[in-house]
Amino acid sequence: MCSLRVDHRKTDNYFLLACNSTSTTPNRVPFEITSMQWQKYTHGIVGGVFPDPTDPSLSLIISSPNMMTLPNPLVHTQRIIRVLQDGKWGVDDATLHPQVFRNATGHLPLILSPQTGAHASKRDASFGTIDDRMVATLEGELREVIKRFEDMLWAAEHANSDITSLSTRKPLLRAFKNALNCLSIPGTRDDCVWLWATVQRLHLDLLAFLDWHETFRQLYNDPPDQPLPVDTGRLGAITSSHESAEVLFKAGLPTYFIRRLGKTNLTTEIKHLLPDHVMKAVLSSTVIVAPGQQVGTPGAHVILKCSRADPSPIIFRGEAKNPHRLSAMTVWQRRDHPLQHPQNEWTAIQVAQLKEFGIYDATQHLLPAQSIPTPFVSSSTPSISHPRVSSTVSAASGAYTRASNRPSNQNPAQGASKKWANRSKLLSLPLQRWIEAAETIGRGHNDSVTPNWPGANASKTDWRGYAFPDAGMVANMSNDSIRNGALCSYVHHRPALVYRIQSLPDCGLKTSVWRSNLIACPEMRPNEQGWS
């Protein structure tokens, strides 16, 4: 196995814990606000004019009373969100760029802003692990946040305080812990980078929520008479609400206020108005620049230039103020977006999600009742297969069920059975190459033949027998059919293992050995068999 080093200084993944850590002081933008005239949220140290999307003949202005630079306002055009590399979303990403403020996500302006760093693009299709030193550093930071949350929850429960807001973060905490426990597990480079990004995304979200719950929740409800010094180490927010702009400004958060141009005196209320060419660059910007630097100006240091994934589907189309915009990115990151499932498996809920995300197309997307079954493949020499009972995981509920399959006259040589084409949502995307390999092996397989790979007999009566054999033992299997059978069984039963490990609190599979066995298949690289 190669030693894969997913280092935030050497990869295009940008979610940097080292620069977004509570253990270090965030870099401050080198400026001071000394004039007392900038004590109103309607005044702007910097401002920029752009067309009103509802009426091109009118103009809007975005200004900041406490920052020297302006972000992409987001509201000037319909947001079309495509899948980018490594789970990043560019200016639509709440962990990278100020977003349109909503009370329901009032903690997002508190997310620590990204810092300067070198981010060379580096791709590697091999397998490996995240560097142990980086994992240890990251785990230390994350466990501090987890302890802080649990201590806060414990104190609130014992003080009979309202824990409603804290309870909303319990699912996030569970996902956070699950991802944290996977940091040392080997996988493809894409898997490692995705996991690294996901863990830190959850960390930034939870850290911002804790800051909101402890301090800023009170500041939102009862803002001080005089604005607090701005914390330039946070992202802040964009808003067109006078009330929200005043609250954000007085709470000491970076504030970007949008209103009609006619309601602003550019001479007395805006200290520096961005030139037209700079504002055009801001409106079309898709990059993230260093804090304190303005997009479109010479010398602005780009610290993240997003590139599209391949393929790069559109997962959302709509307004920046649409609450489903963040949901679309979240469910994709969770690998539960409708587009990440086969269309013939969509439920009514998933179709409703497509409509909420603004990407439902009646000419291309069939409703569940309209789904067309897979055409029957006839054969001149059909063979009779025996009925069997298969074990599956429901893609909708994750429940583990057993279903009896009726006899079929289909010739197994014409294609693989569903056993070899598992498309459960619990199967991670990087396993696609192994799923395809299993499908190839499964063609012509007779399901009535008793499997002979190690542990197969126990699997008929005990689900624990589905466990994949030790990786070293499989690697040393000299019999191709036994090894191939083991790989196929792994691909088929891995969802059941993952579901039990993640869902059952007393599951005996929550040990490092069992978790390592779950990824034993990707650890093997049988290139001599012609697999890619």
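Structure summary
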read-out: Enumeration of residues in segment 256-272 that are surrounded by 11 or more Cβ atoms within 10 Å (Cβ to Cβ) and basic (Lys, Arg); value: 259, 260, 271
read-out: Tally, over segment 92-109, of residues that are under 18 Å from the mean Cα position of the chain (by Cα), part of a helix (DSSP H, G or I) and either basic (Lys, Arg) or surrounded by 23 or more Cβ atoms within 10 Å (Cβ to Cβ) (or both); value: 2
read-out: Residue within segment 154-170 that is within 20 Å of residue 330 (Cα to Cα), touching a residue at least 24 places away in the same chain (Cβ under 8 Å), of a type in the set (A, V, I, L, M) and out of contact with any Ser or Thr (no Cβ under 7 Å at 6 or more places or on another chain) present; value: yes
read-out: Residue 215, sole failed condition from (1) over 26 Å from the mean Cα position of the chain (by Cα); (2) touching a residue at least 40 places away in the same chain (Cβ under 8 Å); (3) farther than 30 Å from residue 51 by Cβ; value: (2)
read-out: The listed residue being within 28 Å of the chain's Cα centre (by Cα) and farther than 18 Å from residue 97 by Cα, out of 210, 253; value: 210
read-out: Among residues of segment 53-65, those that are of a type outside the set (Val, Ile, Thr), in a strand (DSSP E or B) and surrounded by 15 or more Cβ atoms within 10 Å (Cβ to Cβ), counted; value: 3
read-out: Test: residue in segment 223-236 that is surrounded by 15 or more Cβ atoms within 10 Å (Cβ to Cβ) and assigned to a helix (DSSP H, G or I); value: no
read-out: Residue that is farthest from the chain's Cα centre (by Cα), among those in segment 280-294 that are hydrophobic (A, V, I, L, M, F, W, C) and surrounded by fewer than 20 Cβ atoms within 10 Å (Cβ to Cβ); value: 281
read-out: Test set (1) farther than 26 Å from residue 269 by Cα; (2) of a type in the set (A, V, I, L, M); (3) in a loop (DSSP other than H, G, I, E, B) - residue 75 fails condition number; value: (1)
read-out: Close pairs from segment 245-262: first on the phi > 0 side of the Ramachandran plot, partner not hydroxyl-bearing (Ser, Thr, Tyr), Cβ under 7 Å, at least 6 apart; value: 252/227; 252/228; 252/229; 252/230; 252/231
read-out: 1 or more residues of a type in the set (A, V, I, L, M) and modelled with pLDDT under 85: qualifying helices (runs of 4 or more DSSP H) within segment 126-187; value: 132-158, 170-181
read-out: Conditions (1) touching a residue at least 24 places away in the same chain (Cβ under 8 Å); (2) under 24 Å from residue 43 (Cα atoms); (3) surrounded by fewer than 18 Cβ atoms within 10 Å (Cβ to Cβ); (4) not charged (D, E, K, R): number failed by residue 297; value: (1)
read-out: Some residue of segment 243-256 being under 22 Å from residue 57 (Cα atoms), in contact with a Ser or Thr (Cβ under 7 Å, 6 or more places away or on another chain) and in the same structural domain as residue 100 (by TED's automatic domain parsing); value: no
read-out: Filtered residue count, segment 249-284, keeping only those that are among the charged types (D, E, K, R) and over 30 Å from residue 211 (Cβ atoms); value: 5
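The values are calculated or read from the model by the stated rules, or taken from the named source; none is laboratory data. Predicted model, so just to flag it, every value in this text is computed and none were measured. Glycine gets a Cβ as well: all are built from the backbone with ideal geometry, and neighbour counts include every protein chain shown.
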